[in-house]
Each structure stands twice: as structure tokens, then as C-alpha cells.
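Colleague: Here it is, the structure in full.
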Amino acid sequence: MKLLALKPGESVLDMGCGAGSIAIPLAQAGHPVIAADFSPAMLGTLDAGIEYYGLEDLITPLELAWDDDWDLVGPVAKAVDVAFASRSVTTNDLKGALAKLDRTARRRCAVTMVANSSPRYDLHLMNAIGASVACSNGFVYAFNILIQMGALPQVTYFESPRRDTFDSLEAGVADFSRMLEHGNEDKFDRLRDYIAQHMIENPHAGEPGSKGVPQGRYILDHVRKVRWAFIAWEPVSSGRP
């Protein structure tokens, strides 16, 4: 929200809004929000949040996917001051997605994309057990596409910490073993040994975690960090078909 650099009262499109983790605080700060997502279930959760916080006059939910024809179901051209997608650019047509944000915004556009390994992986752990991890270059493609579009994108990097919790060694192994794919299946024993050596008591066990679920008894002795690229630019399209 700080990186968006919104002006007071500016309207926004939150594309891929999920349950409203950004849309709701933006509305609470006085910004009219078009909160769009392809998932009816997510929008249902968002609706509950809108009602709970009394934000019916500030948030407009919209069922919308990147690959939809926005001329038919999406926001009209230059509908908002700022259009952004935070960690939600899930489409095979990256250029088309960026162009849709560009066309929808009057003043500013932004996307947040992963800038190292997928958030599904604990890069520190994977390196420690000698497992291979593919890194995402999607943000590089986005930057280059924007340059080709005639924009002057600005990039800011930041990291978000994550702590995985579990209630026993076996539960931790079962959880982290989901990372052992794409040729890393033979690292299972190393994974188990690493967790056994590096699991420590979680001082916040039982307290609600980031998703509202009670935290487990153990954590690893390092913080998992995901690096993100925040790419912002001034719209270059006129909004005309």
C-alpha cells in the first residue's frame, strides 16, 4: 500500500483481490475500490468482509479473470486512478494483462511479482539439502514488455517473511515434502534430517497465524523469505479501442 503512493480519495482497481486483504484496508482509508477476482468463493469471503466492516459504499466486487474480454465484463477504460495486481498475475498472456491494467488506469499502474523462487519453496532449506529450485523470471519479462509498450517502469524489491509451523517432526516432514518435486524426490531423507536438526519450539504456538489458523508447536530456526518485485508505471494507452 505504501508503494502504491495513492493520493487521498483516489479510486483503484485491485485485480486478483482474493478475500480483500488489500481492498478492505484501502477502502477503510477512503479509497473507492473495484475488487476483481475470478473466484466466486474468494468474492464470497470478500462480501462477508465488506458487510462486517460496513464498506458497501466503497468496494464494488467484480467477478473477472485476466483472460476475460474486459470490454464486455471488465471495468471501462480509464475507470480508476490506479490499477494494480498484487501477487496475482496468473495468465499465459502477460502482455495482455499488463495492457489491460494500463488501459484501465488514469494515473498509475503496478504489479507485484515474485523475484526469486516460488513462494511455495523455502529457498534456504532447499539450498541446505542440495535440492534444485527454479527461479521465476516473470518480473523481468513484465519489465521488458512495459519498455516495449513505451512505459518507463520503476522497480522496487522487498521481502516478506514467512514462518511455517507444525506439531511434530513427522507433520513437518509431510508438509515440507511438498517441495520435493521436479527431480528432488531423492532428497527426502536429507529433508527429514534437516528438519529434525533445525526445529525449535514456537513461542506463539496456539495463537492465530496469518490465515487465522492456530499455529503449530514447532518452527524452523530460520525465517523463510520471499523476494518480490513491485513494478510501477504511468499508463501509456489512451484508453480508446
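Colleague: Checking Gly212 against (1) touching an Asp or Glu at 6+ places or on another chain (Cβ under 8 Å); (2) under 29 Å from Met42 (Cβ atoms): exactly one of these is not met. Which one?
Modeller: Among (1) touching an Asp or Glu at 6+ places or on another chain (Cβ under 8 Å); (2) under 29 Å from Met42 (Cβ atoms), the lone unmet condition for Gly212 is (1).
Colleague: Consider Ala115 against the criteria (1) open to solvent by less than 10 Å² (accessible area, probe 1.4 Å); (2) under 17 Å from the mean Cα position of the chain (by Cα): it satisfies all of them except one. Which criterion is unmet?
Modeller: All conditions are met except number (1).
Colleague: Can I ask one more? Regarding Leu101, is this residue assigned to a helix (DSSP H, G or I), under 24 Å from Gly138 (Cα atoms), touching a strand residue (DSSP E or B) at 6+ places or on another chain (Cβ under 8 Å) and not small (Gly, Ala, Ser)?
Modeller: Working: assigned to a helix (DSSP H, G or I): yes; under 24 Å from Gly138 (Cα atoms): yes; touching a strand residue (DSSP E or B) at 6+ places or on another chain (Cβ under 8 Å): yes; not small (Gly, Ala, Ser): yes.
In short, yes.
Colleague: Need pairs with beta-carbon distance below 9 Å; first residue in contact (Cβ under 8 Å) with a residue 40 or more places away in the chain and within the range 54-71, second among the aromatic types (Phe, Trp, Tyr) and open to solvent by 30 Å² or more (accessible area, probe 1.4 Å); sequence gap 6+ or separate chains.
Modeller: Cβ pairs passing all conditions: Leu64/Phe38; Trp66/Phe38.
Colleague: State which residue is nearest to Ala35 (Cα to Cα) when the search covers only the range 85-97 and only residues that are open to solvent by less than 70 Å² (accessible area, probe 1.4 Å), touching a helix residue (DSSP H, G or I) at 6+ places or on another chain (Cβ under 7 Å) and modelled with pLDDT of 90 or more.
Modeller: Of the residues in the range 85-97, the ones open to solvent by less than 70 Å² (accessible area, probe 1.4 Å) are 85-86, 88-89, 91, 94, 96-97.
Remaining after also requiring touching a helix residue (DSSP H, G or I) at 6+ places or on another chain (Cβ under 7 Å): 85, 89, 91, 94.
With the extra rule that they be modelled with pLDDT of 90 or more, the set shrinks to 85, 89, 94.
On the way: Ala85: 10, Val89: 15, Leu94: 20 Å.
Once the filter is applied, the top-ranked residue is Ala85.
Colleague: Let me ask something else about it. Anything in the range 76-96 that is part of a loop (DSSP other than H, G, I, E, B) and either under 19 Å from the mean Cα position of the chain (by Cα) or over 18 Å from Pro235 (Cα atoms) (or both)? List them, or say none. Step through it out loud before you land on a result.
Modeller: Applying the first criterion (part of a loop (DSSP other than H, G, I, E, B)) to the range 76-96 yields 76-79, 87-93.
Once the filter is applied, which keeps residues that are part of a loop (DSSP other than H, G, I, E, B) and either under 19 Å from the mean Cα position of the chain (by Cα) or over 18 Å from Pro235 (Cα atoms) (or both), the range 76-96 yields Arg87, Ser88, Val89, Thr90, Thr91, Asn92, Asp93.
Colleague: Tally time: how many residues in the range 120-171 are open to solvent by 40 Å² or more (accessible area, probe 1.4 Å) and either touching a His at 6+ places or on another chain (Cβ under 9 Å) or of a type in the set (Asp, Glu) (or both)?
Modeller: Selection size over the range 120-171: 9.
Colleague: Would you mind listing the strands (runs of 3 or more DSSP E) fully within the range 1-75 where at least 2 residues are buried (at least 22 other Cβ atoms within 10 Å of the Cβ)?
Modeller: In the range 1-75, the matching strands (runs of 3 or more DSSP E) lie at 12-15, 33-37.
Colleague: Among the residues of the range 76-116, write down those that are of a type in the set (Asp, Glu) and closer than 20 Å to Gly9 by Cβ.
Modeller: Asp81
Colleague: Let me confirm something: among Ile195, Ile219, Ile231, which residue is of a type in the set (Val, Ile, Thr) and more than 30 Å from Thr45 (Cα to Cα)? Working first, answer last.
Modeller: Details: Ile219 fails: more than 30 Å from Thr45 (Cα to Cα); Ile231 fails: more than 30 Å from Thr45 (Cα to Cα).
Exactly one of Ile195, Ile219, Ile231 is of a type in the set (Val, Ile, Thr) and more than 30 Å from Thr45 (Cα to Cα), namely Ile195.
Colleague: Anything in the range 172-191 that is over 26 Å from the mean Cα position of the chain (by Cα) and either of a type in the set (A, V, I, L, M) or under 30 Å from Ile231 (Cα atoms) (or both)? List them, or say none.
Modeller: Across the range 172-191, the qualifying residue is only Leu191.
Colleague: Could you run through the range 162-184 and say how many residues are at pLDDT below 90 and more than 13 Å from Leu125 (Cβ to Cβ)?
Modeller: 3
Colleague: Between a first residue in the range 171-186 that is without any contact (Cβ under 8 Å) to a residue 40 or more places away in the chain and a second residue that is of a type in the set (A, V, I, L, M, F, W, C), which pairs have beta carbons less than 7 Å apart while being 6 or more apart in sequence or on different chains?
Modeller: Val173/Leu191; Val173/Ile195; Asp175/Phe166; Ser177/Phe188; Ser177/Leu191
Colleague: Related question: Only residues that are aromatic (Phe, Trp, Tyr), open to solvent by less than 30 Å² (accessible area, probe 1.4 Å) and farther than 30 Å from Ser86 by Cα: list them for the range 175-231, please.
Modeller: Of everything in the range 175-231, just one residue is aromatic (Phe, Trp, Tyr), open to solvent by less than 30 Å² (accessible area, probe 1.4 Å) and farther than 30 Å from Ser86 by Cα, namely Tyr194.
The values are calculated or read from the model by the stated rules, or taken from the named source; none is laboratory data. Just so we're clear, the structure is a prediction, and the values are computed from it rather than from any experiment. Glycine also receives a Cβ, built like all others from the backbone with ideal geometry; neighbour counts cover every protein chain displayed. To get the accessible areas, we keep the full protein, side chains included, count just its heavy atoms, and leave off ligands, DNA and RNA. Shrake-Rupley method; radii C 1.70, N 1.55, O 1.52, S 1.80 Å.
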